[in-house]
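Take a look at the structure below.
The values are calculated or read from the model by the stated rules, or taken from the named source; none is laboratory data. Just so we're clear, the structure is a prediction, and the values are computed from it rather than from any experiment. No Cβ is skipped: glycine too gets one built from the backbone with ideal geometry, and neighbour counts run over all protein chains shown.
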Amino acid sequence: MSQQFQAVRGMNDILPAASHEWEFLEDTLRAWLSSYGYRQLRTPLLEPTALFTRSIGEVTDIVEKEMYSFTDALNGEQLTLRPEGTASAVRATLQHNLLYPGPQRLWYIGPMFRHERPQKGRYRQFHQCGVEALGYAGPDIDAELILMTARLWKLLDLPAVELQLNTLGAPEARQRHRERLITYFSEHFDLLDEDARRRLHSNPLRILDTKNPAMQALVEAAPRLADDLDEPSLRHFETLQALLGDAGVPFRLNHRLVRGLDYYNATVFEWVTDALGAQGTICAGGRYDGLIPQLGGKPAPAAGYAMGLERLLALREERHGALAAPAPQVYIAVAGEGVTSHALKIAEQVRDLGYHAVLHAGGGSFKSQLKRADASGAEVCVILGETEVAKGELALKPLRGQGEQASIPATALAEALAHLAVSRPVAPPAAARPAAASRSQ
């Protein structure tokens, strides 16, 4: 017996029973992003490895431990399955000179890859939707990015999600803070875990993001970046806070929020929730004004964020339960020989009218066909047999209590379905306004 293969650990099949939930989320995301004037960008899954080591930072968990990298056997090129989307979006923007006509509002969606321990909501192949605002310098675009997400949580009717906010300031401020952190943590070297000791001189800000409970008191007493911020960075951050307060978006200042990617500066934020157990981040981002020149372009400001789709789906299910699978409006049963050709035409007519229709296939008794029609969730069964074809008629059998089975002329199908109030498929929900909320810190 031949080997039966399994999916790679941490890379999951999305089966038909769940795919409609993904379709609902993706349709909602597309309508929401379009309402803000963002346009989709599609980039390859594979990129040069150097793109991520230069942008994300060599001394990060992603680059050090999690990237799927390999050498192309044909030309020796170092390639990596993308672990995040911002670097690819900036690379595409520079390669195709997208900023030449002016600033760009872009978004992407698709799978990302990180080699980490699989657990609920965290997989080796996972999916993100990301938003990038390129060429915008002011705090107004930072506020728009946050307001967008507040609207999305309203659209998806998610459980309570908290906005945490911080600023990393300009690179000069970060450098001053970096030196102070090295001095502080060096004085407490014996209290550092192995990961913190490794990062002490290469990336001390990442020590602040440690999840080790034994180091929390040490981290809490560390020097604060806010004490090293320059005046323009402070004004930018204060303006952003005022804009969010005026818009009714509550937030909490988190001075230890540094993000795990080296390209961030100034504003950083995370939306977090404990609705899935331990507190987890479902959306995160900020400003990365230095990334475009870092990847070879002319200096230009930029900001954006990404959200994990698996976590959004889990949050929706936590609040609403599983989303009901879509059902056809019409099921077409076929009885007798020589009817299939006519039935195919009738099925197409039903779809032309705007209904979703399933035509029975594979044979079977008339009784078994009616059972399948009922199990499909359809509202009406159209019955087509040799007698009906000969008379130019159809039989309509309501399946959800709208009346008795009746024969009608085939030419009256549209009127009959409308009379039975058979519902047409509905479009994705339109964007809704987030409820106002008081500002908190």
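Give the residue, chosen from Glu337, Glu310, Glu318, that is among the acidic types (Asp, Glu), at pLDDT below 95, more than 22 Å from the chain's Cα centre (by Cα) and surrounded by fewer than 22 Cβ atoms within 10 Å (Cβ to Cβ). Lay out the reasoning, then the answer.
Numbers: Glu310 fails: more than 22 Å from the chain's Cα centre (by Cα); Glu318 fails: more than 22 Å from the chain's Cα centre (by Cα).
Exactly one residue qualifies, and that residue is Glu337.
Please go through region 119-145 and give me each residue that is assigned to a strand (DSSP E or B) and of a type in the set (Gly, Ala, Ser), ordered by number. Can you show your working first?
Here is the first cut: in region 119-145, the ones assigned to a strand (DSSP E or B) are 119, 122, 125-134.
Scanning region 119-145 gives Gly130, Ala133.
Given the conditions (1) in contact (Cβ under 8 Å) with a residue 60 or more places away in the chain; (2) part of a helix (DSSP H, G or I); (3) not assigned by TED's automatic domain parsing to the domain that holds Leu51, and given that Ser202 satisfies all but one, which numbered condition is not satisfied?
(2)
Of the conditions (1) closer than 29 Å to Trp22 by Cα; (2) at pLDDT below 85; (3) touching a Gly at 6+ places or on another chain (Cβ under 7 Å), Pro425 satisfies every one except a single condition; which number is it?
(3)
Of the residues Ala361, Ala325, which single one is closer than 30 Å to Pro159 by Cα, aliphatic (A, V, I, L, M) and either free of Cβ contacts under 8 Å to residues at least 24 places away in the same chain or surrounded by fewer than 17 Cβ atoms within 10 Å (Cβ to Cβ) (or both)?
Values: Ala361 fails: closer than 30 Å to Pro159 by Cα.
Going through Ala361, Ala325 in turn, the sole match is Ala325.
Taking the conditions exactly as written (assigned by TED's automatic domain parsing to the domain that holds Phe126, modelled with pLDDT of 90 or more and within 36 Å of the chain's Cα centre (by Cα)), does Arg351 satisfy them or not?
Working: assigned by TED's automatic domain parsing to the domain that holds Phe126: no; modelled with pLDDT of 90 or more: yes; within 36 Å of the chain's Cα centre (by Cα): yes.
Judged against the criteria, Arg351 is not a match.
Could you list all residues from region 98-152 that are farther than 28 Å from Pro250 by Cα and of a type in the set (A, V, I, L, M)?
Matches in region 98-152: Leu98, Leu99, Met112.
Could you give me the residue pairs with C-beta distances under 7 Å whose first residue belongs to region 399-420 and is touching a residue at least 40 places away in the same chain (Cβ under 8 Å), whose second residue is part of a loop (DSSP other than H, G, I, E, B) wherever it lies, and which are 6+ apart or on separate chains?
Leu399/Ala378; Leu399/Glu379; Ala410/Gly392; Ala414/Leu353; Leu417/Leu353; Leu417/Tyr355; Leu420/Gln402
Residues being crowded, with 24+ Cβ neighbours inside 10 Å and assigned to a strand (DSSP E or B): count how many of those fall in region 269-294.
Of the residues in region 269-294, 5 are crowded, with 24+ Cβ neighbours inside 10 Å and assigned to a strand (DSSP E or B).
Phe113 - would you say it is surrounded by 19 or more Cβ atoms within 10 Å (Cβ to Cβ), in contact with a Phe, Trp or Tyr (Cβ under 6 Å, 6 or more places away or on another chain), within 27 Å of Arg206 (Cβ to Cβ) and of a type in the set (A, V, I, L, M, F, W, C)?
Details: surrounded by 19 or more Cβ atoms within 10 Å (Cβ to Cβ): yes; in contact with a Phe, Trp or Tyr (Cβ under 6 Å, 6 or more places away or on another chain): yes; within 27 Å of Arg206 (Cβ to Cβ): yes; of a type in the set (A, V, I, L, M, F, W, C): yes.
Spelling it out, Phe113 is indeed surrounded by 19 or more Cβ atoms within 10 Å (Cβ to Cβ), in contact with a Phe, Trp or Tyr (Cβ under 6 Å, 6 or more places away or on another chain), within 27 Å of Arg206 (Cβ to Cβ) and of a type in the set (A, V, I, L, M, F, W, C).
Does region 247-254 contain any residue that is in a strand (DSSP E or B) and at positive phi? Reasoning before the result, please.
Applying the first criterion (in a strand (DSSP E or B)) to region 247-254 yields 252-253.
Subsequent filtering for residues that are at positive phi retains none.
There is no residue in region 247-254 that is in a strand (DSSP E or B) and at positive phi.
Run Arg151 past the list (1) closer than 23 Å to Ala314 by Cβ; (2) of a type outside the set (Gly, Ala, Ser); (3) buried (at least 20 other Cβ atoms within 10 Å of the Cβ) and report the number of the one that doesn't hold.
The one condition Arg151 does not meet is (3).
All but one of (1) at pLDDT 90 or above; (2) over 30 Å from Gly245 (Cα atoms); (3) not polar (S, T, N, Q) hold for Ile146, so report the exception by its number.
Against the list (1) at pLDDT 90 or above; (2) over 30 Å from Gly245 (Cα atoms); (3) not polar (S, T, N, Q), Ile146 comes up short only on (2).
So in region 19-56, with the set limited to residues that are without any contact (Cβ under 8 Å) to a residue 60 or more places away in the chain and part of a helix (DSSP H, G or I), which one is farthest from Ser69 (Cα to Cα)?
Quick first cut of region 19-56, residues without any contact (Cβ under 8 Å) to a residue 60 or more places away in the chain only: 19, 23, 34, 44, 46-50, 52-53.
Still in the list and also part of a helix (DSSP H, G or I): 19, 23, 34, 49-50, 52-53.
Details: Ser19: 29, Glu23: 30, Ser34: 34, Thr49: 7, Ala50: 10, Phe52: 11, Thr53: 11 Å.
Step by step, filter region 19-56, then rank; the result is Ser34.
Of the residues Ala226, Ala242, Ala173, which is part of a helix (DSSP H, G or I), at pLDDT below 85, over 24 Å from Ile56 (Cβ atoms) and of a type in the set (Gly, Ala, Ser)?
Numbers: Ala242 fails: at pLDDT below 85; Ala173 fails: over 24 Å from Ile56 (Cβ atoms).
Exactly one of Ala226, Ala242, Ala173 is part of a helix (DSSP H, G or I), at pLDDT below 85, over 24 Å from Ile56 (Cβ atoms) and of a type in the set (Gly, Ala, Ser), namely Ala226.
Please note which helices (runs of 4 or more DSSP H) are completely contained in region 306-408 and include at least 2 residues that are small (Gly, Ala, Ser) and over 30 Å from Arg105 (Cα atoms).
Those helices (runs of 4 or more DSSP H) span 340-352, 366-375.
Can you say whether Ala418 is of a type outside the set (Lys, Arg), modelled with pLDDT of 50 or more and loosely packed, with under 12 Cβ neighbours inside 10 Å, as far as the supplied structure shows? Full working, then the answer.
Working: of a type outside the set (Lys, Arg): yes; modelled with pLDDT of 50 or more: yes; loosely packed, with under 12 Cβ neighbours inside 10 Å: yes.
Taking the combined requirement at face value, the residue satisfies it.
Of all residues in region 1-53, which are out of contact with any helix residue (DSSP H, G or I) (no Cβ under 7 Å at 6 or more places or on another chain), surrounded by fewer than 16 Cβ atoms within 10 Å (Cβ to Cβ) and of a type in the set (Val, Ile, Thr)?
Val8
Just checking, which of Ile332, Ile292 is of a type in the set (Val, Ile, Thr), in contact with a Lys or Arg (Cβ under 9 Å, 6 or more places away or on another chain) and farther than 19 Å from Leu147 by Cβ? I'd like the intermediate steps shown before the answer.
Details: Ile332 fails: in contact with a Lys or Arg (Cβ under 9 Å, 6 or more places away or on another chain).
Unique residue meeting the criteria: Ile292.
Any residue in region 184-195 that's in contact (Cβ under 8 Å) with a residue 12 or more places away in the chain and surrounded by 12 or more Cβ atoms within 10 Å (Cβ to Cβ): show its pairings with residues that are aliphatic (A, V, I, L, M) and part of a helix (DSSP H, G or I) at Cβ separation under 6 Å, as long as the two are six or more apart or on different chains.
Close Cβ pairs satisfying both conditions: His188/Leu218; Leu191/Leu218.
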